[in-house]
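The values are calculated or read from the model by the stated rules, or taken from the named source; none is laboratory data. Being a predicted model, the structure only gives us computed values, none of them experimental. All Cβ positions, even for glycine, are placed from backbone atoms using ideal geometry, and neighbour counts span all protein chains on display. Side chains included, ligands, DNA and RNA excluded: accessible areas come from the protein's heavy atoms. Shrake-Rupley method; radii C 1.70, N 1.55, O 1.52, S 1.80 Å.
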Amino acid sequence: MKCSRFYLMKEDETLYMAKLKYDKVYIAEGDNFHIKKKKKVNTTEIKRDCRGYNIITSGDQEFKIKYFKDCGRFPMTVTFPYNGHKICWDHKETNYQDFIKEESKKKPRKSTKNLMLQNSHNLPTFILRKMKKNLYEVEGFPTVDPVIVFSIALSGIIGPITL
């Protein structure tokens, strides 16, 4: 049986691929890798925990994504290292209109997976939108490592094991 696969793409180029196997997600650069060879290739691992959080390990850094149960949704908060500082993004209460980009003709679907995170100044810093079945769009700061953005997006899509 094959693992679920996820791809982070920018325009038509695949930056990262992820595979979900049991309670772990393995992420590597490119569009194909084998989990058995992950020690040579893999850069990031997400361990899903049944206590309401995911642990992301990327290179020499580790951080947690904490979930809160809210009527079938799983809002989250994340604190991760960035340029020697700790950045904290919290869940932002939103409505469907907040996910529509003004310059885009494509509209996202209404979904419990749509997610917006904000910084300490209550400004949006991360947006995850469901565009169609099995297709999500993610926006984050361009200076944040794409593998961290991908890890946060995957955590928003797959959620915790259970709460």
(request) Report whether or not CYS50 is open to solvent by 80 Å² or more (accessible area, probe 1.4 Å), hydrophobic (A, V, I, L, M, F, W, C) and either over 22 Å from ASN114 (Cβ atoms) or touching an Asp or Glu at 6+ places or on another chain (Cβ under 7 Å) (or both). (result) yes
(message) Against the condition open to solvent by 70 Å² or more (accessible area, probe 1.4 Å) and either closer than 24 Å to CYS71 by Cα or assigned to a loop (DSSP other than H, G, I, E, B) (or both), how does THR94 come out, does it pass?
(response) no
(message) Six or more apart or on different chains, Cβ atoms under 8 Å: show the pairs whose first residue is in segment 6-20 and free of Cβ contacts under 8 Å to residues at least 40 places away in the same chain and whose second is open to solvent by 20 Å² or more (accessible area, probe 1.4 Å) and among the small types (Gly, Ala, Ser).
(response) THR14/GLY30; MET17/GLY30; LYS19/SER4
(message) Could you tell me how many of the residues in segment 126-163 are part of a strand (DSSP E or B) and either closer than 14 Å to TYR82 by Cα or charged (D, E, K, R) (or both)?
(response) 6
(message) Here is a check on your reading of the model: is GLY84 over 14 Å from the mean Cα position of the chain (by Cα), at pLDDT below 90, within 16 Å of VAL149 (Cβ to Cβ) and surrounded by fewer than 12 Cβ atoms within 10 Å (Cβ to Cβ)?
(response) no
(request) Give the residue, chosen from PRO142, PRO124, that is modelled with pLDDT under 90, open to solvent by 40 Å² or more (accessible area, probe 1.4 Å) and over 17 Å from VAL25 (Cα atoms). (result) PRO142
(request) State all residues of segment 97-119 that are open to solvent by 60 Å² or more (accessible area, probe 1.4 Å) and not β-branched (Val, Ile, Thr); if no residue qualifies, say none. (result) GLN97, ASP98, GLU102, GLU103, LYS105, LYS106, LYS107, ARG109, LYS110, LYS113
